[in-house]
Amino acid sequence: MDLTYIMFTKHLEGLDVPGIIDALQSVGVQGADLCVRDGYPVNPGNITTALPEAAKRFADQGLSIPLVTAPGDFNRPDIDYAEAYYAAMGEAGVGHVKLGYWHWEPEKGYWEQLDEVRGFMQGFQALSAKHGVKTVVHNHSGKSMGLNSCAAMNIVKDCDPQHVGIFADPGHLSLCGEPIEMALDIVKEYLSLLAFKDLIRQRPLGSTKQGTPSGGVMRLGQGFGDWPALVETLEHLDFNGPVSFHSEYSGETVETVIDLARIDVRFFDALRAKE
């Protein structure tokens with residue numbers, strides 16, 4: 001099992017590219033799951049030039065950008081900047097792009113909406129084939145159309161795994177997914193990357209009403225994730241690829257996020273050492 005550790009830069013908001021590089025080196029990862037959204041140093045408005053420049057700066061420091069995380073509404077291949085977005089990733093040597101999300105719309109119905117989403121995936125697959133960047137679907141709890149492994153496979157199963165993959169998230173799977181061993185077996189043909197976060201089920205802050213619990217992000221090992229089983233399963237599958245430490249500790253300072261990411265990396269390293 002050969003893993004590439006990367007860190008999601010969403011909660012490094014406010015740092016410029018050199019600052020992000022310093023943060024990643026401090027955490028002890030090998031690269032970035034780069035958040036390319038409005039408000040970040042690389043964003044949809046400047047991606048054509050800023051992403052290749054950032055990739056060069058990363059490479060000069062011995063780091064890489066295996067994954068770009070797109071805006072949450074980047075879920076259609078006909079969005080006005082989609083072609084430029086993929087072209088810039090291809091030029092920069094980015095291997096994967098995480099799409100945004102489709103949320104179940106009861107007025108459409110699940111199966112009708114799934115057909116629509118599958119149509120979008122054919123368009124994304126064409127962009128991936130053209131620019132050499134694999135499109136990945138992230139399993140996300142709640143009313144996401146790809147909330148677990150079975151649902152995510154419904155989205156991608158007609159796609160070529162050379163161009164389309166699954167970004168498996170054990171934290172979200174712990175809330176509404178299959179047991180982790182089963183979850184990864186279901187998607188193994190498409191398994192491209194993993195997102196590392198730990199979650200607990202909780203009601204929305206201040207709410208006393210019944211409803212779908214939301215996920216509260218915890219440090220690795222303090223939520224519902226079965227991390228020993230995850231490590232064992234990755235070993236069994238002989239998974240080789242990037243794993244993204246999400247470190248989505250909202251409300252914390254950037255310095256604290258960096259500190260907590262270091263702890264998450266040490267936690268996972270200790271688990272691997274036991275195998």
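The values are calculated or read from the model by the stated rules, or taken from the named source; none is laboratory data. None of these values were measured; they are calculated from a predicted model. Glycine gets a Cβ as well: all are built from the backbone with ideal geometry, and neighbour counts include every protein chain shown.
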When the range 203-230 is checked residue by residue, the ones that are at pLDDT 90 or above and either closer than 16 Å to Val265 by Cβ or touching a Pro at 6+ places or on another chain (Cβ under 6 Å) (or both) are Leu220, Gly221, Gln222, Gly225, Trp227, Leu230
**Item:** Residue check, Gly142 surrounded by 15 or more Cβ atoms within 10 Å (Cβ to Cβ), modelled with pLDDT under 95 and either closer than 27 Å to Asn46 by Cβ or not hydrophobic (A, V, I, L, M, F, W, C) (or both)
**Value:** yes
Of the residues in the range 16-43, those that are part of a loop (DSSP other than H, G, I, E, B), touching a residue at least 40 places away in the same chain (Cβ under 8 Å) and over 18 Å from the mean Cα position of the chain (by Cα) number 1
Looking across the range 73-123 at residues that are farther than 17 Å from Ala151 by Cβ and touching a Phe, Trp or Tyr at 6+ places or on another chain (Cβ under 6 Å), the single one that is surrounded by the fewest Cβ atoms within 10 Å (Cβ to Cβ) is Arg76
Residue within the range 75-83 that is touching a strand residue (DSSP E or B) at 6+ places or on another chain (Cβ under 7 Å) and without any contact (Cβ under 8 Å) to a residue 60 or more places away in the chain present:
no
Only one of Ile200, Ile186 is touching a Cys at 6+ places or on another chain (Cβ under 8 Å), over 18 Å from Glu116 (Cα atoms) and of a type in the set (A, V, I, L, M), namely Ile186
When the range 227-275 is checked residue by residue, the ones that are within 20 Å of the chain's Cα centre (by Cα) and polar (S, T, N, Q) are Thr233, Asn240, Ser244, Ser247, Ser250
| query | Among the residues of the range 156-164, is there at least one that is within 26 Å of Phe245 (Cβ to Cβ) and of a type in the set (S, T, N, Q)? | reply | no
Counting only helices (runs of 4 or more DSSP H) wholly inside the range 110-206, the ones holding at least 1 residues that are among the acidic types (Asp, Glu), within 15 Å of the chain's Cα centre (by Cα) and more than 16 Å from Gly100 (Cβ to Cβ) are none
Inside the range 12-61, the number of residues satisfying the requirement of being closer than 19 Å to Lys197 by Cβ, hydrophobic (A, V, I, L, M, F, W, C) and out of contact with any strand residue (DSSP E or B) (no Cβ under 7 Å at 6 or more places or on another chain) is 2
Do the conditions hold for Lys98, that is, is it of a type outside the set (Ser, Thr, Tyr) and out of contact with any helix residue (DSSP H, G or I) (no Cβ under 9 Å at 6 or more places or on another chain)?
yes
